[in-house]
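Reviewing the structure listed below.
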Amino acid sequence: MLNILWTAFFIVSFLAAVVQWAFMGNTAIFSEMANQLFSAATNAFQLSLNLTGMLCLWLGLLKIAEKSGLTEFLAKALRPLFNVIMPEVPASSPAIGSIVMNMAANILGLDNAATPMGLKAMEQLQAHNSHKDEASNAEIMFIVINASAITVLPISILMYRHLQGSTNPSAVFVPILLATSCSTLAGFLAVAFVQKLRIFNRTVLIYLLGLIALVGGLCALFRHLSPQARLNYSETFGNALILLFIFLFLLVGCVKKLNLYETFIEGAKEGFQIAVQIIPYLVAMLTAIAVLRYSGVLDGIVWFFGKLFAWLGADTDFIPALPTALMKPLSGNGARAMMLETMQNYGADSFPAFVSSVMQGSTETTLYVIALYFGAVKIAKTRHAVPCALFADFVGITAAIIFSYMFYEG
């Protein structure tokens with residue numbers, strides 16, 4: 001599937017460029033696409049270098065957590081659930097602890113911690129994979145949940161809205177939480193259906209109710225806070241959690257009498273190795289995304305949907321936010337740029353900017369995550385990972401539009 005998408009990006013982009021050159025008089029289109037192609041290749045390498053530091057930091061700390069038994073302790077809380085959704089992974093596998101840490105970091109909006117922990121989890125899951133070039137059921141479940149992960153604290157989105165002059169930056173908090181919850185649930189159910197997992201039982205229901213209670217409680221709490229209080233709490237809480245994670249890892253390591261420095265270096269070396277391995281996969285995906293973005297294909301899709309919804313007689317106020325939705329599965333930086341552009345063109349408190357912000361927080365950069373995580377363990381055959389993840393994206397974006405209409409108070 002990934003091979004088909006990657007090839008299609010280049011073919012469709014080239015055809016779109018030919019149309020612009022031949023029929024629209026855009027004689028600079030080929031030069032612009034070529035420049036963006038080369039720039040994307042350079043940026044992919046630079047991105048890997050930038051990621052190296054974070055990988056070394058968090059995998060060093062995660063090694064301390066593993067050897068101190070902290071990840072095993074956390075894994076026990078979710079082991080009954082993993083026995084159902086990842087039955088081929090042994091209960092004693094260290095992968096479960098890494099997955100729990102990754103999910104916790106994602107839920108709390110700690111992207112810098114979530115990615116290294118997720119890459120470590122993929123490496124550990126690969127140890128249980130009998131077909132090394134093909135994604136296992138457990139790896140696909142993890143990837144899809146990760147690519148649609150619930151984000152409780154969308155700190156960066158709130159800060160961008162604040163910097164763009166919004167009078168109520170945190171107004172998007174509740175719709176983002178609800179939309180990303182729908183995305184994660186859709187991805188989980190899609191994978192469970194394809195893999196024929198028996199998820200309709202008491203164990204899964206208990207965890208699902210716990211998640212619903214968490215989301216509902218946070219929605220209720222934040223709706224009773226003032227806009228400024230929501231922004232302050234989100235920013236302070238997020239940064240405090242990063243330092244709390246580090247302090248907790250080191251404290252437990254001290255209690256277990258580990259050599260913290262040597263253990264950290266051991267894990268950091270693994271982070272460097274992973275950073276080198278993912279470079280070719282990032283170059284491949286980011287160059288394909290670059291030519292797709294600058295060929296005019298995405299603009300054409302937005303134009304088509306605008307005409308379609310207008311013909312159907314539906315409200316089209318959300319159409320200016322669609323570039324963010326189209327870019328989100330492809331590129332985090334691209335989607336962020338689209339969101340900021342929407343804010344600048346329509347106003348930070350406008351409905352298009354509101355929808356764009358909710359879309360930005362509703363899903364993850366799916367194809368980037370898939371290329372990054374599968375690339376780290378050299379998996380070429382992704383099986384049903386891509387369609388299930390894109391289905392979760394579709395549900396998340398649709399939910400973002402619906403909840404935006406419900407919660408916007410402009």
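The values are calculated or read from the model by the stated rules, or taken from the named source; none is laboratory data. Since we're looking at a predicted model, the values are computed, not measured. All Cβ positions, even for glycine, are placed from backbone atoms using ideal geometry, and neighbour counts span all protein chains on display.
Could you tell me how many of the residues in the range 6-23 are over 14 Å from residue 298 (Cα atoms), touching a residue at least 40 places away in the same chain (Cβ under 8 Å) and hydroxyl-bearing (Ser, Thr, Tyr)? The total comes to 0. When the residues of the range 169-188 are filtered to those that are small (Gly, Ala, Ser) and at pLDDT 85 or above, the one that is surrounded by the fewest Cβ atoms within 10 Å (Cβ to Cβ) is 186. When you look at residue 91, is it surrounded by fewer than 14 Cβ atoms within 10 Å (Cβ to Cβ), under 30 Å from residue 142 (Cα atoms) and of a type in the set (Gly, Ala, Ser), yes or no? Yes.
For (1) modelled with pLDDT of 85 or more; (2) in a helix (DSSP H, G or I); (3) exposed (fewer than 15 other Cβ atoms within 10 Å of the Cβ); (4) not acidic (Asp, Glu), each residue gets a yes or a no:
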{"site": "167", "(1), (2), (3), (4)": "no, no, yes, yes"}
{"site": "190", "(1), (2), (3), (4)": "yes, yes, no, yes"}
{"site": "204", "(1), (2), (3), (4)": "no, yes, no, yes"}
{"site": "208", "(1), (2), (3), (4)": "no, yes, yes, yes"}
{"site": "213", "(1), (2), (3), (4)": "no, yes, yes, yes"}
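Restricting the range 255-280 to residues that are touching a Gly at 6+ places or on another chain (Cβ under 8 Å) and β-branched (Val, Ile, Thr) leaves a set whose member that is nearest to residue 377 (Cα to Cα) is 278. Mind checking which residues of the range 36-56 are of a type in the set (A, V, I, L, M) and under 18 Å from residue 277 (Cβ atoms)? If the condition is that a residue be of a type in the set (A, V, I, L, M) and under 18 Å from residue 277 (Cβ atoms), then 41, 44, 47, 49, 51, 54, 55 are the ones that fit. When the test is whether a residue is under 19 Å from residue 395 (Cα atoms), among the hydrophobic types (A, V, I, L, M, F, W, C) and assigned to a helix (DSSP H, G or I), residue 326 passes it.
Return a yes/no flag: does the range 48-59 have any residue that is surrounded by fewer than 20 Cβ atoms within 10 Å (Cβ to Cβ) and free of Cβ contacts under 8 Å to residues at least 40 places away in the same chain. Write out each step before concluding.
We begin by selecting, within the range 48-59, every residue surrounded by fewer than 20 Cβ atoms within 10 Å (Cβ to Cβ); these are 49-50, 52-54, 57.
Keeping just the survivors that are free of Cβ contacts under 8 Å to residues at least 40 places away in the same chain gives 50, 53.
Within the range 48-59, one or more residues are surrounded by fewer than 20 Cβ atoms within 10 Å (Cβ to Cβ) and free of Cβ contacts under 8 Å to residues at least 40 places away in the same chain.
Checked across the range 309-316, the condition of being in a loop (DSSP other than H, G, I, E, B) and in contact with an Asp or Glu (Cβ under 6 Å, 6 or more places away or on another chain) holds for no residue.
If you take the residues in the range 138-162 that are at pLDDT 80 or above and closer than 19 Å to residue 335 by Cα, which one is nearest to the chain's Cα centre (by Cα)?
147
One residue alone among 266, 270 is within 27 Å of residue 57 (Cβ to Cβ), charged (D, E, K, R) and either modelled with pLDDT under 85 or not in a helix (DSSP H, G or I) (or both), and that residue is 270.
Look at the range 8-30 and say how many of its residues are β-branched (Val, Ile, Thr) and touching a Gly at 6+ places or on another chain (Cβ under 9 Å).
2
Of all residues in the range 178-195, those that are farther than 15 Å from residue 146 by Cβ have Cβ atoms under 6 Å from Cβ atoms of residues that are of a type in the set (Phe, Trp, Tyr) and assigned to a helix (DSSP H, G or I), 6 or more apart or on another chain, in 178/403; 179/403. So in the range 26-43, with the set limited to residues that are in a helix (DSSP H, G or I) and free of Cβ contacts under 8 Å to residues at least 24 places away in the same chain, which one is surrounded by the fewest Cβ atoms within 10 Å (Cβ to Cβ)? Checked the range 26-43; the qualifying residue surrounded by the fewest Cβ atoms within 10 Å (Cβ to Cβ) is 31. Report whether or not residue 82 is surrounded by fewer than 17 Cβ atoms within 10 Å (Cβ to Cβ), in contact with a helix residue (DSSP H, G or I) (Cβ under 8 Å, 6 or more places away or on another chain), farther than 15 Å from residue 119 by Cα and touching a residue at least 12 places away in the same chain (Cβ under 8 Å). No. Of all the residues in the range 351-381, those that are farther than 19 Å from residue 274 by Cα and buried (at least 20 other Cβ atoms within 10 Å of the Cβ) number 15.
Restrict the check to the range 80-98 and report whether at least one residue is under 18 Å from the mean Cα position of the chain (by Cα) and under 20 Å from residue 187 (Cβ atoms). Full working, then the answer.
Of the residues in the range 80-98, the ones under 18 Å from the mean Cα position of the chain (by Cα) are 98.
Next, only the ones that are under 20 Å from residue 187 (Cβ atoms) stay: 98.
Yes - at least one qualifying residue is present in the range 80-98.
Taking the range 31-50 only, how many residues are touching a Phe, Trp or Tyr at 6+ places or on another chain (Cβ under 7 Å) and not acidic (Asp, Glu)? Result for the range 31-50: 2.
Yes/no per residue for (1) out of contact with any Lys or Arg (no Cβ under 9 Å at 6 or more places or on another chain); (2) surrounded by 17 or more Cβ atoms within 10 Å (Cβ to Cβ):
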position	(1), (2)
264	no, yes
269	yes, no
273	yes, no
284	yes, no
323	yes, yes
329	yes, yes
